[in-house]
Amino acid sequence: MMPNRHARAALLGDYLPGVAICGALLAGLIWLPSDNRLPMEILLVFAMAQGWNLLSGYAGLLSFGHQVFIGIGAYSLFMSMNAFGLPLPLALGVAGLVTMATAAVMALFLHRMRDAYFSIGIWVMADCVRLLIGQWDWVGSSRGVMLESSKLDLTHFADMVFWLAIGLAVVVQFGVFILLRSRFGLGLMATRDNDVAAASVGIGASRSKVTALILSALICGLGGAVYYLSILYADPSGAFDLSWQIKILFIVIIGGVGTLEGPILGTALYFVLQQAFQDNGEMFLLLQGLTAIVVMVFAPQGIWGVIAQRTGLQIFPTRRRPPGPSLAARRPKPTTEDKAQAARAPAKG
Amino acid sequence: MSLLIAIINGVMVGGLYGLFGLGLALAFGIMRVVNIAHGEFIVLGAYLGAALLSVMPLNIFVVVCLVAIIAFGVGWLLQFSLLNRLIGPNPVPAMIATMGLSIIIRNALVSVFGTDIRAIDLGSLQDAGITLFGVSIGILPLIIFAIAIVLFLAVGALMTRTTIGRAFRAAADDFEILETLGFDRRKVYASAMGLAIMLAAVAGLLLAVRSSFSPYSGVERLLISFEVVIIGGLGSLRGSLIAGIFLGVVQVVGLKLNPNSGPLFSHLAFLLILLVRHFDVTFLFARKKI
């Protein structure tokens, strides 16, 4: 079936705001600061947060163990360059593959676990991997491992890592966007909202959740690989630190879990706060904890969730809308999903 | 012989692990609250005890009772003021809020007590021991194990013999019926959380007499508690105790084999059990009953 004029206009309208906003944000990150370090960290943390969001927001599996993928990504990059002498692009590929394989093995244990059992199961495994890496001499045990930088082009190193971070952030944002608009994404969200109903129309819940876990792990693994590439050193207590998970969780929760716009907002807020509390790390952590509680009590859907609920605004539209005459006439109307949700809500409470 | 001593020590630590798991299972079974801050309350109990002992030289039993009372109050208030607003069919809000609470407690402990690794020293009682069949066992670990068993029996009696215990079990099944009988659901939940935090804090204090702790010990304690709940099954006192002892023995013997392994061996044992269950092998103590 050929896409007609309306459909094409709608498609353009769906992508244009997101592309424009991401372009503007990226331009700001590229040209405003004098130093590339902070923008690079922002982009990588954002990508990891969006990766976690794919699993926890869209597949409904709250993970407390994503630090394992960050660490595995970093270590497999380092070891494939140090021990096997692979060039950087190939090593990044290996890092991605190893992280995906790790997630696949973990899925063997996890795929029947739901809710809290999944959250804790993945946490125990992450802790296991951290302890094992800390015992393993080949990867430097608890001393950690330095990247042998002789093969790297150090003159343009900072710029190259920065562009890797930009590439990862952009590919993740639009990759997840396209994925969620696909048949797979629809099935994933349907399973999250009602697994029995989803199964009754033939959606393989287990398979789509495992796929989401593996993709989410891949994103965090590549994020970890690029981050630790930039500092040339990784150790088990840093790369597998729970604070990675707390950071990502805070960003997604405050921005809006299960929205594509939320992690952008959350990342911005996180780094503004981090810069404001630069001299007082404990206060910053206390504030994060307090914010998590306050957000859960007053607006569990997060900042973007509240905005979207009030205005119906979607910068990255992942909800299906019924076909209608024009884009402008359609946009402000609540979607059928909104209406259905509004009808369901009082009955549940 | 040293292996036998390690196993005996493991059983004694395991009794406390069973209590950790029991507290977590109460909150999960009755309120459906997955308390991520459980490990931090365990550590908080230890710090509270250490602080009380440093202010005045009290008897250890008095300290245990004081910590129990304070912890019950803290748990009651936590449930009544915060968690009662977050419970519902979706467990995620309460999980994330208690995650936030765990970050707050952890960093508050760091800023008050620093990051040093501590231990509670009880002087002469610490080193006293008896020799049974050629194996020397400390008096203190025996007392601690006895307290753990007494607490298990007390919770069992509370659950089956008292009104509030029956209300707990009824709340786990159907809180609407409970409310028609004139119980205030919010207060029943608050008492249950008080009991859960009390068990955590008392067990945490007793463990601190046996091993060292720091503000960062909470995560390890939390994971152990969850492993106890998942292995032992929800709502089974005996299951919690056996699972706790199992994990305690595995951990202490593991530490004997490799002093740097930390909780690695108990994690691996837990994962092994998950894998075995995955293939539907029924375990002796894995039967579910509420």
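The values are calculated or read from the model by the stated rules, or taken from the named source; none is laboratory data. Keep in mind it's a predicted model, so treat the numbers as computed, not measured. Ideal geometry is used to build each Cβ from the backbone, glycine not excepted, and the neighbour counts take in all protein chains shown. Please note that ligands, DNA and RNA were not included when accessible areas were found on the heavy atoms of the full protein model with its side chains. Shrake-Rupley method; radii C 1.70, N 1.55, O 1.52, S 1.80 Å.
Confirm whether A:I120 is in contact (Cβ under 8 Å) with a residue 24 or more places away in the chain and farther than 30 Å from A:V196 by Cα.
Against the criterion (in contact (Cβ under 8 Å) with a residue 24 or more places away in the chain and farther than 30 Å from A:V196 by Cα), A:I120 does not qualify.
Is at least one residue of the range A:240-258 surrounded by fewer than 24 Cβ atoms within 10 Å (Cβ to Cβ), in contact with a strand residue (DSSP E or B) (Cβ under 9 Å, 6 or more places away or on another chain) and among the hydroxyl-bearing types (S, T, Y)?
No, the conditions are met nowhere in the range A:240-258.
So, in the range A:280-305, exactly how many residues are part of a helix (DSSP H, G or I) and either facing another protein chain (nearest Cβ under 9 Å) or free of Cβ contacts under 8 Å to residues at least 40 places away in the same chain (or both)?
Of the residues in that region, 18 qualify.
Counting residues that are farther than 22 Å from B:V110 by Cβ and basic (K, R), which helices (runs of 4 or more DSSP H) fully inside the range B:157-220 reach at least 2?
Fully inside the range B:157-220 and qualifying: B:163-173, B:185-210.
Let me confirm something: among A:L108, A:L97, which residue is more than 19 Å from A:L249 (Cβ to Cβ), open to solvent by 10 Å² or more (accessible area, probe 1.4 Å) and over 18 Å from the mean Cα position of the chain (by Cα)?
Going through A:L108, A:L97 in turn, just one is more than 19 Å from A:L249 (Cβ to Cβ), open to solvent by 10 Å² or more (accessible area, probe 1.4 Å) and over 18 Å from the mean Cα position of the chain (by Cα): A:L108.
Does B:P89 count as surrounded by fewer than 19 Cβ atoms within 10 Å (Cβ to Cβ), farther than 28 Å from A:G281 by Cα and more than 14 Å from chain A (Cβ to nearest Cβ)?
no
Quick one: which of A:G144, A:G121 is within 14 Å of another protein chain (Cβ to nearest Cβ), more than 18 Å from the chain's Cα centre (by Cα) and either open to solvent by less than 30 Å² (accessible area, probe 1.4 Å) or among the hydroxyl-bearing types (S, T, Y) (or both)?
A:G121
If you check B:G239 against the conditions, is it among the small types (G, A, S) and part of a helix (DSSP H, G or I)?
For B:G239, the condition - among the small types (G, A, S) and part of a helix (DSSP H, G or I) - is met.
Go through A:L229, A:L215 for me and flag whichever is part of a helix (DSSP H, G or I) and surrounded by fewer than 24 Cβ atoms within 10 Å (Cβ to Cβ).
Being part of a helix (DSSP H, G or I) and surrounded by fewer than 24 Cβ atoms within 10 Å (Cβ to Cβ) holds for just one of A:L229, A:L215, which is A:L215.
Limited to the range B:206-265, what total is found for residues that are among the basic types (K, R) and within 14 Å of another protein chain (Cβ to nearest Cβ)?
Final tally of qualifying residues: 1.
Here is a list of conditions, (1) touching a residue at least 24 places away in the same chain (Cβ under 8 Å); (2) closer than 27 Å to B:E40 by Cβ; (3) in a helix (DSSP H, G or I), and A:V257 meets all of them except one; can you say which number that is?
(3) is the only condition that A:V257 fails.
Sort out which residues of the range B:23-34 are crowded, with 24+ Cβ neighbours inside 10 Å and in contact with a Gly (Cβ under 8 Å, 6 or more places away or on another chain), and write them in order of number.
Within the range B:23-34, just B:A25 meets the criteria.
In the range A:56-85, how many residues are open to solvent by less than 40 Å² (accessible area, probe 1.4 Å) and over 22 Å from the mean Cα position of the chain (by Cα)?
6
Inside the range B:205-260, can you point out the residues that are among the aliphatic types (A, V, I, L, M), touching a Ser or Thr at 6+ places or on another chain (Cβ under 8 Å) and farther than 26 Å from B:L52 by Cβ?
B:V228, B:V229, B:L247, B:V250, B:L255
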